[in-house]
Amino acid sequence: MNKKIKIVIVIVIALILAYGIYYFTEYHHAEKTATDLLNGTDNVSVEKIDKGLSVDGPGNDTALIFYPGAKNEYIAYLPLFVELAEKGVDCYLIQMPLNFAVFGQDSADSVINSTNYTHYLLAGHSLGGVSASAYATHSNNTDGVVLLAAYPTEEINKPVLSIYGSDDGILNMESYKKALPLMSNMTEYVIQGGNHAQFAYYGVQEGDNPAKISHQDQQTQTVDKILEFINNITMS
């Protein structure tokens, strides 16, 4: 075995070990509450697609494409978006490379180019919201952006719904406030007692504060505000 082959083998083993450490220690896995929904419900079908999951309910006019937070398994967000799909908005949960949306910022293209909805919205949680807002800013095919505990890094001229919990321990509020001028058409909703992690089911997130309300309460409020936001866009 020559020296070059040995070097390649060492590099491959190192990468495998590094990914293993990342996967088992840093990667926030979906909890059973979320994985139990992989087979859908009576009213919503959940199917694996090339870039993640489609969550198909009774609606056929509007689709929301979602970018998960960094190092969060995309399946963890299923309860939130199954509830939204049941109320008429089909959802697409994007599985990001290495669970970082920055590596798959244009992933929404695969959904938009393969479906035929009248309205498309981008959404993202935490750092996923940064990538979702960046995509929407440069896309002519999106009607608005939903940010969950997130903020943009460049100007958005489309309608924006910003939702975050009052007890969020992860969202940098100083940076959030500095980003407010970038959103000229923004609706803000603060979930009293909500935190950062309860938009999904991946367990406790280091640095977050304990929520004062239940998962279900936080997610139902989120769904209701998203529906209100979408209705204002599609009915105008």
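The values are calculated or read from the model by the stated rules, or taken from the named source; none is laboratory data. Everything quoted here is computed from the prediction, not taken from an experiment. Please note: Cβ atoms are built from the backbone with ideal geometry, for glycine as well, and neighbour counts cover all protein chains shown.
Some notes on this structure:
- When N232 is tested against the conditions (1) within 30 Å of T118 (Cβ to Cβ); (2) in a loop (DSSP other than H, G, I, E, B), the lone failure is (2).
- Any hit, region 23-30, residues being among the charged types (D, E, K, R), within 15 Å of L93 (Cβ to Cβ) and either assigned by TED's automatic domain parsing to the domain that holds D109 or part of a helix (DSSP H, G or I) (or both): no
- Counting the residues of region 112-133 that are aliphatic (A, V, I, L, M) and either buried (at least 24 other Cβ atoms within 10 Å of the Cβ) or outside the structural domain of G194 (by TED's automatic domain parsing) (or both) gives 4.
- Matching residues in region 109-135 - criterion: being more than 15 Å from the chain's Cα centre (by Cα) and more than 17 Å from I233 (Cα to Cα): D109, S110, I112, N113, S114, T115, N116
- Residues that are surrounded by 22 or more Cβ atoms within 10 Å (Cβ to Cβ) and either without any contact (Cβ under 8 Å) to a residue 40 or more places away in the chain or among the small types (G, A, S) (or both), drawn from region 58-73: A63, G69
- Every listed requirement among (1) at pLDDT 95 or above; (2) surrounded by 15 or more Cβ atoms within 10 Å (Cβ to Cβ) is met by A136 save one, (1).
- Scanning region 178-216 for residues that are assigned to a helix (DSSP H, G or I), out of contact with any Pro (no Cβ under 9 Å at 6 or more places or on another chain) and either surrounded by 16 or more Cβ atoms within 10 Å (Cβ to Cβ) or polar (S, T, N, Q) (or both) returns A197, Q198, F199.
- All positions within region 60-88 that are of a type outside the set (F, W, Y) and under 15 Å from Q205 (Cβ atoms): P68, G69, A70, K71, N72, E73, A76
- Every listed requirement among (1) assigned to a helix (DSSP H, G or I); (2) touching a residue at least 60 places away in the same chain (Cβ under 8 Å); (3) closer than 23 Å to Q218 by Cβ; (4) of a type outside the set (V, I, T) is met by A85 save one, (2).
- Residue satisfying all of: in region 78-97; in contact with a strand residue (DSSP E or B) (Cβ under 6 Å, 6 or more places away or on another chain) and of a type outside the set (A, V, I, L, M, F, W, C); modelled with the lowest pLDDT among these: Q95
- Once region 6-48 is narrowed to residues that are more than 19 Å from A200 (Cβ to Cβ) and at pLDDT 50 or above, the residue that is surrounded by the fewest Cβ atoms within 10 Å (Cβ to Cβ) is D42.
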